[in-house]
1. In the structure shown, do any of Lys428/Lys524; Lys447/Lys720; Lys299/Lys821 have a Cα-Cα gap over 20 Å, and if so which?
2. Using the beta-carbon distance between Val640 and Thr896 and R0 = 45 Å, what value does 1/(1 + (r/R0)^6) give for FRET efficiency, to the nearest 0.05?
3. From the phi angles alone, apply the Karplus equation (6.51, -1.76, 1.60; θ = phi - 60°) to region 577-594 and give each ³J(HN,Hα) in whole Hz, x where the residue is Gly or Pro.
4. Using a cut-off of 11 Å between beta-carbons, work out the net charge of the residues near Ile26 (Lys and Arg +1, Asp and Glu -1, Ile26 not included).
5. Pull out the extension gain between Asp857 and Ser649, defined as 0.36 nm times the separation in residues minus the alpha carbon to alpha carbon distance; nm, one decimal.
6. Restricting things to Cα coordinates, could you compute the convex hull volume per residue of region 499-638 in Å³?
7. How much length, in nm to one decimal, is gained on full extension between Asn65 and Glu903, taken as 0.36 nm per residue of separation minus their Cα-Cα distance?
8. When the Cα centres of region 541-586 and region 1011-1061 are compared, how far apart do they sit, in Å?
Amino acid sequence: MQANDTYGQVAKVSLNVVNETVLNLIEEIESTTEFRFIYRKKDVDLTRKLSLKASEEPLAKVLGNIFQNTATTFKIKDRRVYLVAQSKQRKQATNSNLDITPDTMAEIQRTITGTVADQDGTPLPGASIVVKGTTNGTQTDFDGNFSIDVANENATLIISYIGFSTQEIPLEARTTLSIVLNEDSAQLEEVVLVGYGKLSRENLTGAVSSVNSDKIDAFPAASVEQSLAGKLPGVQLSQSSGQPGAGISVRVRGITSISGGNEPLYVIDGVPFFNSDVRGLNGISSINPNDIESIQVLKDASSTAIYGSRGANGVVLVTTKTGKAGAKPSIVYSTWLSTRRVRKKLNLMNGDEFLDFQRQFFENSGSPLPDEIAQIQNSNTDWQDEVFRNGVATNHNISMSGGNENTQYYVSLNSLNEQGIILNSDFKRLSFRTNLDAKLNNTFSIKTSITGSNSVQNGFSEAENNNTNSFLTSGVGSVLLALPTEPVLDSDGNFSNIFPYDFANQVENPVGYAKQILDKTTVKRFLGNFTLESKIIEGLNNYTRLGVDYQSIRGDSYFPLALVLAPGGRATVTNREVLNYVVENYFDYEVDITPDLNMKAVLGGSLQKESGQSIFVQSSGFFSDELTNNAIQAGASIAVPVTNNIDQSIASAFGRINLIYKDKYLFGASVRSDGASVFSESNKVATFPSLSAGWKISNEGFIGEDSKISNLKLRASWGKSGNPGIQPYQSLPLGIIVTTSQGAGTGLSTGLAPNLPNRTLTWETTTQTNLGLDFAMFDSRLRMSLDYYIKDTEDALTSVQLPPSGGFATIIDNVGAVQNKGIELALGGTLVDKEDFSVSVDFNISKNSNEVIQLKDNQDLVSEFTFAQTADAVGGVSSVARVGEQLGAFLGFKFTGFDANGEPEYEDFNNDGNLDDDDKVIIGNPIPEILYGFNSTIRYKNLNFNMDWQGVANVDILNIGQFNLTSPNNEYNRLADIYDFYPNVNQSSLHRISDRYVENGSYLRLRNVKIGYTIPLSGFIFENVNFFVSGQNLVTITDYKGFDPDVNSLSGNDIKQGVDLAAYPAATSFTLGLSVKF
């Protein structure tokens, strides 16, 4: 079968090389075209050198010149080029002394003939055919034909081909076979990106996890992070809120820093950027998932040390899509429509249950039921039903790509509109991308990438992050605390007072709250980079790169006059602008020092600078709601505006060398020296080295060519990386603006109060050791990767309390050491691979142990939770850094049971008869020890089924929502199971936060499931059309009683982990989608 006008027939190749190796020629063709070469190294002399000149010539002609008079032949199949040795049949007796009788001679003479082709019917030259259990084998010729003699009519043939899944075919007395092999993408993932370059996966000595566009595009997602959960071993993704547009935090191999930041470094198309912490946004949250070609996560120090001071938390390399040389213009339009609803409602009291509780409460307390409660008539308003809704989301994406030998392009436009599951909450994003690669001449090439986005989030909270800092004053808190005995609207049609009796109310009418407040965040972002590539001499290239990242973040908030929390109205405007640019220049050089020794080297420098400013203005006391926050000056009380300027920079020099000896022994070393402006003159510069080695055991002679082992490699690495994660100017004396009262009638005065600088501040440094094993069998149909690591962080940065006598409250200091150590396992396999049916699965699991190793003066670092809680709360809970414990462990009281009167009791550890801070102990650990994920793909003809499961284990959650909803002493609504917490509710009950509110946060979730069908339409205006239906978060198996176990309300503070303040709930969604390729 031969298709018309395939890429292999129409594409042209231009080359002008002198004394280049065959390997370099192959890489040159791959880098400038869509062709991909598949071959066995033993079949091709890659070190042979030749000179060649070709201008816009067919690839077949160019390859004919390259491989003329050699033992290598080739076959072009669309975008793939198969290089094979000249066909020959291998017949070997397993025993040289075997006696041959007439009977055995008759068996040997049985001849089997057949063809081997791919799914499109294209013959596969050089495919291997071996009789199972013997060394008797042959290869197919150029037309995919083969002939082999067998000694048993029921023998089994093993057919294998690079890039395709191996099949075993029982003969069953047949003498003619027609065999179809299916492509195996696992074998084609040959190259991975590392810092400032790329390496073949088989030569990689570091720990790198990858996700390509097939996995990212497999499920509909509004953000890139949603596509990664459960797919990368050792990588934790957690959300602070289910609100559309909310950020997702990413943690690689645990938490290392107390307060210096734990987000990885994001490198987009080769350009590293400072991370943003605005409303939980990270470095890739504004990027359209449809634009991403691949994501590589660098985890060990040998991979991250090339990024020096910012590699301690891992590095995420994002590569966006580009056009391909010789490809005709391709247009892809995709769209999906999603409906979503709240995954779970909390079991709150209805109106009747609330009134029964009040009667019992006052009866047990020996007090009469207040008249205002006794007179309540209305009942059974379900505020969750009133505020939660079925949301709708739509996504439209169109892209165009193509190119010729000299110019390649990719252009896209995306529109996302997400309606939240809570009234008046939504997220809208409009983005574009333009990627252009151009070859100016044989020496110079340029690459440009430009993307812009504008996103608007309408939230359900008073102001930025308020929803995650206060349960009582947050929107979701009002839904849960509002009395079920009150209607949404009063008799006049106004939003009702949900607490009509005398009570110090801090809670709004939830529906009025949702419909009346303004809580909008607008983010405008522009990302651009320009790279000039210069080919200096053979193997030596220079790259000059300029990257720019501009962000404008505006927050608008307005509370109308009628709301309880802001009588007279309150308006706020915040604005922040940040400009980040990076300039880099580096060289890479590759040379075969000897026929057995290959060297790759990188040497360069970088300068990165971030400048920004912000302003905050607020006023209150308005006479009308009409202008909202558009007239701050109209408020009767105007707060002093607060401004802030940021200016920081990093200057760097870096280098790396990789050696490959006899294609068996791998060595690597890198070093980076960074100078950071945030530190004092004596500590501005730090150096971060790394070493690594690998042994490709599968390439040793004792393995044998006929071994089922495709890959067996040992890896080891050691290195250092850093974290300068503090705000600028901490090492300098500064004046802080303070406003104080001068006494009654004298008003306010403003002045400067000095801070306490720390001139000895230095870098957080993380030293990591990694041991790894890569293993694959049956032409990589079964794959395994195993890593063990120890990750030690020293000189951890945090804010330390000072004695009051000194006149200063806190100082930033290097105070201790934290250790993460663990193991990661990734398994993958193509279990079934037939022409019309295939099954592939991937599984990964990781275990990480986190421990504080050292603290300054061995003193605990206690971080009190300052969120608002019900007025009857006694005592509190904290996050603590304590030697021997997990970083951020919960510190609180230990519940021991109930006394004879049904009152809760707590452990008095020091036996002094008082319950105070001295009796608080570790009651929970918020960092998950185990992360795991499972995904599978099943294909039957044009029908595809995909499924993703993801889970965590051995983690605790502090359920502050549950604490506030089980109070016996206030008139808010409660959970229906409050009697489990207070069997004898009465006024004397003391409501304490204790381990009763620390819950097991383990879960297993069916994160995604999808069924799709593709209709091929060759010859029509459409190339193909794909329809799909999918579901997200359909099943969650957990013991956690809150809205969702995947929660981290205080995501902005790394020591305060695992807290649930009843944040915006997660949603379950169903999606219909369509994709059309022109």
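1. Long pairs (Cα-Cα over 20 Å): Lys447/Lys720.
2. Computed FRET efficiency for Val640 and Thr896: 0.35.
3. Going residue by residue, I get 10, 9, 10, 10, 9, 9, 10, 9, 9, 8, 10, 10, 9, 10, 8, 8, 5, 9 Hz, with x marking Gly and Pro.
4. The answer is -3.
5. 71.6 nm
6. 194 Å³
7. In short, 292.7 nm is gained.
8. Using only Cα atoms to place each centre, the spacing works out to 27 Å.
Values in this text are rule-based calculations from the coordinates and carry no lab data. None of the values given here were measured: they were computed from a predicted structure. Don't worry about glycine lacking a Cβ; one is built from the backbone with ideal geometry, like all the others, and counts go over all protein chains shown.
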